[in-house]
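Novice: For reference, the structure I am asking about is given below.
The values are calculated or read from the model by the stated rules, or taken from the named source; none is laboratory data. Predicted model, so just to flag it, every value in this text is computed and none were measured. All Cβ positions, even for glycine, are placed from backbone atoms using ideal geometry, and neighbour counts span all protein chains on display.
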Amino acid sequence: MTRALLNCTKRLSRFFVVAGLALSAFHAYATYDMGLKRYEAGHYEKAAKEWQRAAAKGDRLAQYRLALLYDEGKGVAQDAEIAARWVRRAALQGLAPAQFKLATAHAFGLGVKQDEREALSWYEKAALQGHAEAQLALGRHALKNGEGARAVDWLEQAAQQNLPAAQAELGLAYAQGTRVPQDFAAALPWLEKASEAQVASAQFALAGLFARGQGVVRDDVRAVSLYTQAADQGLAAAQFELALAYESGRGVARDVARGMEWLKRAAQNNDAAAQFLLGQRYHKGSGVKQNDKLAAEWLAKAAERQHTEAQSLLGFLYAHGLGVKQNFAAARAWYDKAIEQGSHSATGRLGYLYAVGQGVPTDYKRAASLLRAAADAGDAEAQNNLGYLYAQGHGVPQDQAEAVRWYRRAAEQG
């Protein structure tokens with residue numbers, strides 16, 4: 001009798017424990033649900049209080065949403081460290097969005113110590129649960145580290161979940177041959193999908209395929225349409241290509257004025273190629289009123305962004321005092337930077353300085369050597385100056401026939 005009563009008591013005890021846990025979970029869920037209603041109504045402080053209660057009882061959804069409130073400063077004082085603590089609790093309970101959020105926090109040092117290894121660990125936990133953005137993050141990391149097969153695996157999983165950024169990344173990898181074999185046929189469908197989702201980088205890449213006829217029949221009209229879509233979203237490289245299309249009439253009715261508008265927009269958006277071309281146009285007075293001061297300003301922007309020919313032309317302006325105060329030291333410095341990147345025009349222009357002794361001692365042999373290197377590479381300016389050296393016999397044996405030959409080669413280039 002006593003044993004039977006004892007067993008009955010134990011069973012009742014277990015029942016009440018289970019019932020208590022179930023009731024606690026029900027209250028936590030009810031509190032979370034109430035918090036969600038408060039949040040959707042814009043009552044962030046009340047939502048925070050509801051989620052605080054549910055989070056304290058272990059509700060992982062409440063913990064995650066509370067972390068977001070602290071991260072965004074909604075209903076509570078913004079605090080990245082508190083946000084990280086709550087998101088970690090949710091992540092430890094296996095909530096994939098929380099795992100992704102915690103991974104991102106570690107990746108960028110948001111409320112926690114920046115730690116790439118920890119970030120990758122949490123990204124993988126979320127990715128294995130099918131979290132598309134975590135899969136994208138792992139795919140990008142693999143690409144960066146030269147792990148092509150691993151990158152494709154993660155990017156395909158994310159892309160198949162219709163994540164436009166992953167579709168674009170995968171398409172670009174195939175189109176450019178980034179860590180994977182170049183494959184235009186494989187790139188095309190992913191770039192199409194991402195372009196339809198208005199991913200500007202995908203629209204730009206797809207436009208390039210149509211413009212060059214890579215993996216598709218060349219279609220300049222389609223290319224311009226895609227460049228326009230990307231340009232309207234502010235992609236500077238697309239704005240530059242659109243400028244070239246309008247100026248050449250390729251794929252669209254020729255409109256030089258409209259082309260110049262797009263060129264200026266691209267330059268203002270820090271596209272180095274556009275900044276160089278605009279600077280060159282101002283220097284030559286091509287399509288705009290000639291203005292070396294503006295030329296120097298735009299060329300300086302492009303030169304600082306390591307545009308080789310901008311560095312060379314900016315050096316030329318300094319050497320001749322065009323739009324800037326004449327400064328041979330500055331000219332030499334810009335020529336040297338451009339030469340380091342393989343600029344033939346800068347090589348020839350430096351040769352000219354040695355020929356005339358501006359900023360450097362006069363050295364005809366050095367001048368002839370530099371000018372010949374640039375002239376052989378097809379630089380017209382250097383060919384003309386090399387012809388002069390042969391005509392005068394400076395640094396080379398005087399040879400009028402050779403002088404004429406170099407003058408003619410320069411003239412043939414206009």
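Novice: Right, Q306: under 26 Å from the mean Cα position of the chain (by Cα) and at positive phi or not? Give the derivation first.
Specialist: Numbers: under 26 Å from the mean Cα position of the chain (by Cα): yes; at positive phi: yes.
Taking the combined requirement at face value, the residue satisfies it.
Novice: Right, something else. Can you pull out the residues in segment 72-95 that are farther than 19 Å from Y123 by Cα and charged (D, E, K, R)?
Specialist: E72, K74, D79, E81
Novice: Is it the case that some residue within segment 368-380 is of a type in the set (D, E) and either surrounded by fewer than 20 Cβ atoms within 10 Å (Cβ to Cβ) or not in a helix (DSSP H, G or I) (or both)?
Specialist: Going through segment 368-380, the residues of a type in the set (D, E) turn out to be 376, 379.
Next, from what is left, pick out any that are either surrounded by fewer than 20 Cβ atoms within 10 Å (Cβ to Cβ) or not in a helix (DSSP H, G or I) (or both): 376, 379.
Checking segment 368-380: at least one residue is of a type in the set (D, E) and either surrounded by fewer than 20 Cβ atoms within 10 Å (Cβ to Cβ) or not in a helix (DSSP H, G or I) (or both).
Novice: Filter segment 358-377 for residues that are among the small types (G, A, S) and modelled with pLDDT under 95 and give the result.
Specialist: Applying the first criterion (among the small types (G, A, S)) to segment 358-377 yields 359, 367-369, 373-375, 377.
Passing the criteria: only G359.
Novice: Exactly one of these conditions fails for T178: (1) surrounded by fewer than 21 Cβ atoms within 10 Å (Cβ to Cβ); (2) in a helix (DSSP H, G or I). Give me its number.
Specialist: Condition (2) is where T178 drops out.
Each row is one residue, and each column tells you yes or no for (1) closer than 20 Å to V256 by Cα; (2) assigned to a helix (DSSP H, G or I); (3) of a type in the set (A, V, I, L, M).
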position: A187; (1), (2), (3): no, yes, yes
position: S201; (1), (2), (3): no, yes, no
position: L209; (1), (2), (3): no, yes, yes
position: A223; (1), (2), (3): yes, yes, yes
position: G234; (1), (2), (3): no, no, no
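Novice: Continuing with this model, one more query. Kindly evaluate Q326 against the criterion of being over 28 Å from the mean Cα position of the chain (by Cα), over 24 Å from Q413 (Cβ atoms) and modelled with pLDDT of 95 or more. Give the derivation first.
Specialist: On the way: over 28 Å from the mean Cα position of the chain (by Cα): yes; over 24 Å from Q413 (Cβ atoms): yes; modelled with pLDDT of 95 or more: yes.
Here the answer is yes, as Q326 does meet what is asked.
Novice: Quick one: what pairs do we get from segment 182-196, first residue closer than 11 Å to Q214 by Cα, second surrounded by fewer than 17 Cβ atoms within 10 Å (Cβ to Cβ) and of a type in the set (S, T, N, Q), C-beta under 6 Å, 6+ apart or different chains?
Specialist: So the pair list comes out as F184/Q214.
Novice: Go over the candidates G348, G395, G342 one by one and state the one that is outside any helix (DSSP H, G or I) and within 16 Å of Q311 (Cβ to Cβ). So that I can check it myself, show each step before the final result.
Specialist: Numbers: G348 fails: outside any helix (DSSP H, G or I); G395 fails: within 16 Å of Q311 (Cβ to Cβ).
Every option except G342 fails the conditions.
Novice: Residue under question is Q78, and the condition is that it be of a type outside the set (V, I, T), surrounded by fewer than 17 Cβ atoms within 10 Å (Cβ to Cβ), more than 29 Å from the chain's Cα centre (by Cα) and farther than 17 Å from A55 by Cα; does it hold? Full working, then the answer.
Specialist: Numbers: of a type outside the set (V, I, T): yes; surrounded by fewer than 17 Cβ atoms within 10 Å (Cβ to Cβ): yes; more than 29 Å from the chain's Cα centre (by Cα): yes; farther than 17 Å from A55 by Cα: yes.
Yes, satisfied.
Novice: Against the conditions (1) of a type in the set (K, R); (2) assigned to a loop (DSSP other than H, G, I, E, B); (3) at pLDDT below 95, where does K74 fall short? Just the number, please.
Specialist: Every condition holds for K74 apart from (3).
Novice: Select from segment 151-162 the residues that are part of a helix (DSSP H, G or I) and out of contact with any Leu (no Cβ under 8 Å at 6 or more places or on another chain) and write down the one among them that is nearest to A173 (Cα to Cα).
Specialist: Taking segment 151-162 first, the residues part of a helix (DSSP H, G or I) are 151-159.
Add one more test, that the residue is out of contact with any Leu (no Cβ under 8 Å at 6 or more places or on another chain), and what stays is 153, 157.
Details: D153: 12, Q157: 15 Å.
Within segment 151-162, the match that is nearest to A173 (Cα to Cα) is D153.
Novice: Among the listed residues G130, G148, G171, which satisfies the condition of being over 27 Å from A84 (Cα atoms) and over 17 Å from the mean Cα position of the chain (by Cα)?
Specialist: Values: G130 fails: over 27 Å from A84 (Cα atoms); G171 fails: over 17 Å from the mean Cα position of the chain (by Cα).
Checking each option against the conditions leaves just G148.
Novice: Any chance you could count how many residues in segment 263-315 are crowded, with 17+ Cβ neighbours inside 10 Å, under 26 Å from F204 (Cβ atoms) and acidic (D, E)?
Specialist: 2
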